[in-house]
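The structure appears right after this line, and notes come after that.
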Amino acid sequence: MSSAPTPPEYDPAKPNGGNSLDEDVNAQYAGLEVHYVYLMVCAFLVWLIIPGIGFLYSGLARRKSSLSLLFQSFAVAAVVCFQWMFWGYSLAYSRTANAFIGDLANFGLKNVVAAPSPGSVLLPEIVFCLYQMLFCICTVVLVTGGSFERGRILPSLIFSFCWATIVYCPIACWTWNANGWLYNLPSLDFAGGGPVHIASGWAALAYAFVLGKRVHKGEKLHGKPHNTTLVFIGTVFIWFGWFGFNGGSALNASVRSMMAAFNTNTAACFGVLGWTLVEYIRTKGHFSLVGACSGAIAGLVGITPAAGFVSVWIAGLIGFLTGAICSSAKNIDKLLRIDEGMDVFKLHGIGGMCGSFFTGIFAQKWVSALDGASIYEGALDGVGVQVGRQLAEICAISAYSFTVTCILLFALKFIPGMHLRVTEEAEMIGLDLDQFLDEQIGDWSILEQHSRHGVTQPNSVHASSEAVTAKSA
């Protein structure tokens, strides 16, 4: 029998993995190609979450502001891609980072090519960099949901660059960099319960808090999704993309990765059951498609930190409990008196905190050992202190994300010309008409034809515009 290929080692004398003109930089990965090919496929899956969030948010919003949310998903992706290449990757993952943030050793992706990555020696660093960049993009797109229906787009893009720099990158460094303080505590976070979900949930809440509540003039459709089909399609994209999100986070193609992928689907399904059960009881026998979609996302969020640490039935339990808890928090916005209508805090903030807490309870070393190298255990294996470590992660990330996001937004708010919120008139006619040039969501030509013949559709852009005109007159 032939022996297994020997994994490459990082050579400080060749920080970029070697000169491709003098040597074959692929040779060090001979026999191990399956790992980085698998991670590239997972990265492509994760990318689907970006338009998925756009579809989801667009469907949840009212029609007059839904196009802006589709646009923001791509615009934020573009801004954060630049930020990550400029200095984001270095601030999060440089090998010479301190316990809280990286340095600029990899500024402008310097030497990020073929060397074994800091996350796994089985991956060329350029693969690892792409995979982690998509995590950052997804997180920032989630955060912008806090500004829906009233936040100006240009300031949100500037905010995205700054937030990725001073919130996401430090938290990612704490959690996943080998020098990070949470990494060495250790807190257990397989795929982003803290940096992605807890951080984005609290940041979206801060965004909604700083902007203030939406203008409510008694519209019957206020706070209701305008297109449940878009919500469903967005959830499908997100669910499918999450197979790569969790399935690739072991950073190898081991059995542990397969377990994580199985757990991902299991938790989403059980999340649907948990959310739907609570909603069925609350509404006295009625169902909701949006509720089922929310339950799936809650289950996915809950399993994210635990996917590579728990068995399949525990994954189902985590998904069910997270879905039920998030559904029970239906009125959290009213309790907090903050208008965060995209449910980013409810699903990602509360769901992420639940998932992180459950990871501390249910992590088992036999599951993490499925990759042949890792041993992590929780209270179920007799290491009760792990629950305390998870609580430390939850408190630190929650406090840092909410506080720094508020400070950042207030700072941007007082920069001349940097108005975070549209005018009341613009909000009433909708962000799409205010912020875009001759574009609307869906088949807007029908509305134009009705308008020409003197028939104005309820809740259309024309109806909203006429209402504002009448008010001004």
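The values are calculated or read from the model by the stated rules, or taken from the named source; none is laboratory data. Model, not experiment: these values are computed from the prediction. Note that we place each Cβ from the backbone using ideal geometry, even for glycine, and neighbour counts take in every protein chain shown. The accessibility values were calculated without ligands, DNA or RNA, using every heavy atom of the protein model including side chains. Shrake-Rupley method; radii C 1.70, N 1.55, O 1.52, S 1.80 Å.
Tabulated values for the structure
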| read-out | value |
| --- | --- |
| Checklist (1) open to solvent by less than 10 Å² (accessible area, probe 1.4 Å); (2) at pLDDT below 95 applied to A306, failing item | (2) |
| Odd one out for E427, checked against (1) surrounded by 17 or more Cβ atoms within 10 Å (Cβ to Cβ); (2) touching a helix residue (DSSP H, G or I) at 6+ places or on another chain (Cβ under 7 Å) | (2) |
| Number of the exception - L60 against (1) touching a Pro at 6+ places or on another chain (Cβ under 6 Å); (2) open to solvent by less than 10 Å² (accessible area, probe 1.4 Å); (3) of a type in the set (A, V, I, L, M) | (2) |
| Qualifying residue in region 115-122 (condition: open to solvent by 20 Å² or more (accessible area, probe 1.4 Å), hydroxyl-bearing (S, T, Y) and either in contact with an Asp or Glu (Cβ under 6 Å, 6 or more places away or on another chain) or within 19 Å of L142 (Cβ to Cβ) (or both)) | no |
| First in region 6-35 and within 18 Å of Y93 (Cα to Cα), second anywhere and β-branched (V, I, T) and part of a loop (DSSP other than H, G, I, E, B), Cβ under 7 Å, 6 or more apart | E9/V121; Y10/V121; N16/V113; G17/V25; G17/V113 |
| Residue in region 72-95 that is within 24 Å of G244 (Cβ to Cβ), open to solvent by 50 Å² or more (accessible area, probe 1.4 Å) and charged (D, E, K, R) present | no |
| L391, sole failed condition from (1) modelled with pLDDT of 95 or more; (2) more than 25 Å from P225 (Cβ to Cβ); (3) open to solvent by less than 60 Å² (accessible area, probe 1.4 Å); (4) of a type outside the set (V, I, T) | (3) |
| Answer residue from region 4-35, given it is in a loop (DSSP other than H, G, I, E, B) and of a type in the set (D, E, K, R) and is surrounded by the most Cβ atoms within 10 Å (Cβ to Cβ) among those | K14 |
| Residue, modelled with the lowest pLDDT, within region 211-233, restricted to residues that are touching a helix residue (DSSP H, G or I) at 6+ places or on another chain (Cβ under 6 Å) and assigned to a loop (DSSP other than H, G, I, E, B) | V215 |
